[in-house]
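All of the numbers you see were taken from the coordinates with simple rules; none came from a lab. These numbers were taken from a predicted model, which means no experiment stands behind them. Glycine gets a Cβ as well: all are built from the backbone with ideal geometry, and neighbour counts include every protein chain shown.
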Amino acid sequence: MAQETSLNSNDDVLAAILGAVIGIVGGFFLISLLEGKKQKCPVCNNNIEQGVGVCPHCGAVLQWS
Ligand SMILES: [Zn+2]
């Protein structure tokens, strides 16, 4: 019984570590996906979406070549 209990808790720890690793990797993956679409305005350095014609923060006209 004692061995079963320790095996079960080992499984729980492994599952928790696995879940944490998958969660962290998935989180970084999502962040990198979102960050890939974000650009910084060269004038005011605020985050803007790539492809916008005018910076919503400072009104600078942006050229995407
Ligand atoms: Zn700007």
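The amide H of Ile48, built 1.01 Å from its N in the peptide plane, has Gln39, Lys40, Cys41 as neighbours under 5 Å, considering only residues 5 or more places off or on other chains. Here is the list for the stretch 8-65: chymotrypsin sites (Phe, Trp or Tyr not before Pro) lying in DSSP coil, each with at most 15 other C-beta atoms within 10 angstrom of its C-beta, are Trp64.
Angle, helix 2-37 long axis vs. longest principal axis of the chain, Cα atoms, 0 to 90°, nearest 10? The angle comes out at about 10 degrees. The relative contact order of the chain, computed from alpha carbon pairs under 8 Å that lie at least 6 residues apart in sequence, is 16 percent. Per-residue 3J(HN,Hα) values for the stretch 56-65, derived from phi via the Karplus relation 6.51 cos²θ - 1.76 cosθ + 1.60 with θ = phi - 60°, read x, 8, 10, x, 5, 7, 10, 10, 10, 9 Hz in sequence order (x marks Gly and Pro). Residue separation of Val21 and Asn46 scaled by 0.36 nm, minus their Cα-Cα distance, works out to 5.8 nm of gained length.
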